[in-house]
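The values are calculated or read from the model by the stated rules, or taken from the named source; none is laboratory data. Owing to the predicted nature of the structure, the values given are computational and were not obtained by experimental measurement. Don't worry about glycine lacking a Cβ; one is built from the backbone with ideal geometry, like all the others, and counts go over all protein chains shown.
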Amino acid sequence: MQLDPVSLAAILAMAASTYFTRIFGYWLVRRTTVGGRMASALEAVPGAILTAIIAPMAFATGPAESGAALITVLLALRLPLIVAVAGGCLAVVALRALLA
Amino acid sequence: MTRKDSGGEFTAGALTILPLLVAVVVYGLLFGTLAAQKGLSPLEVAIMSATVFAGASQFVAVEIWTSPPGIVLLGATALMVNLRHVLMGAALAPFLKGWSRGQIYGGLHFMADENWAFTLKRAAQTPVTPAYYLGLALPLYVGWIACTTLGTIFGGVLQDPARYGLDFAFTAVFLTLLVSLWKGKRSVAPWLASALAAVAGHELLPGVWYIALGGLAGSLVGAFMGPPALPAKYRETAKEGGNAA
């Protein structure tokens, strides 16, 4: 069971900023209302972040990865999420073998 | 409120959240496996799950984890990925009347997508007690810590993750989360802006700054997509709560 000091510092940095996001909305609403552009921008953040994370792998790596991404999305529309994740991983293995 | 009432409220909350624990087990084991591939120890994963307790940001953190890890980058990335909590906390605020400061600021640490949604659902019918909220939150919290730690212990055995397509697992997890975040037309422009900025940033910038760039581009475009599609009732009550406070 090792605990690296730098890793611990990184984890605590994540913990501090995450706790801040959890209390800030409550704190803000007690003083003012979040509305208009600010609310719209905040609403778009999670989708924008997740899109940014997957974009290089899904669109700019190769046809096997792009194909598997499409298959994952199609599976996720109909089936439980974990089935879609497993299907996506299987698809990328199969497509890499086929297209290699 | 008597102790017995609190027990009943806690049980009601716990029974409500129980079916969702299946997903926590699967995602927790998967997260632990991926964390082990990046060299995190079970103890480090247990501490992260207990103190951060936010699945998406933890997956992102492990994806961009280096040794030694970038403290500022990880803190800033967690902040951006978890910004949705600001809106969630704002929506919850009017329903925490009668809670003590300790109950509010302690309870908010356990706010996750699942128990947040069920809390709002409950609040539409009857006042939400701290005991009910804790009943929703505690099984998720304990389950997440346990399963991520177990995943790290046993997932470390797996060699060569690409052979099983596990290098694609992050992308697949985030794609499934994206499907659930899809809000129709109002999602198209922000997500497109984010994808374009991220691919460009990935080519041109070092490290993982492409994630921040894409997130920023997407939320800037999102600012011009009109008001969020929160149920009108919540927006009204949120406003009243804000004025009253």
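Listed here are the helices (runs of 4 or more DSSP H) enclosed by segment B:9-89 that have at least 2 residues being surrounded by fewer than 24 Cβ atoms within 10 Å (Cβ to Cβ) and over 18 Å from the mean Cα position of the chain (by Cα): B:21-37, B:42-51, B:71-81. Say whether the condition of being facing chain B (nearest Cβ under 7 Å) and closer than 21 Å to residue B:82 by Cα is met by at least one residue in segment A:78-86. The answer is yes, given that some residue of segment A:78-86 is facing chain B (nearest Cβ under 7 Å) and closer than 21 Å to residue B:82 by Cα. Filtering segment A:1-38 to residues that are exposed (fewer than 14 other Cβ atoms within 10 Å of the Cβ) and charged (D, E, K, R) leaves only A:31. Residues that are closer than 26 Å to residue B:60 by Cα and buried (at least 20 other Cβ atoms within 10 Å of the Cβ) within segment B:90-113 comprise B:90, B:91, B:92, B:107, B:108, B:111, B:112, listed in sequence order.
Residues are listed down the side, and each one gets a yes or a no for (1) out of contact with any Lys or Arg (no Cβ under 7 Å at 6 or more places or on another chain); (2) at pLDDT 80 or above; (3) buried (at least 22 other Cβ atoms within 10 Å of the Cβ); (4) in the same structural domain as residue B:81 (by TED's automatic domain parsing):
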| position | (1), (2), (3), (4) |
| --- | --- |
| B:160 | yes, no, no, yes |
| B:189 | yes, yes, no, no |
| B:199 | yes, yes, no, no |
| B:206 | yes, no, no, no |
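So, residue B:20, is that one touching an Asp or Glu at 6+ places or on another chain (Cβ under 6 Å), in the same structural domain as residue B:141 (by TED's automatic domain parsing) and not charged (D, E, K, R) or not? Answer is yes for this residue.
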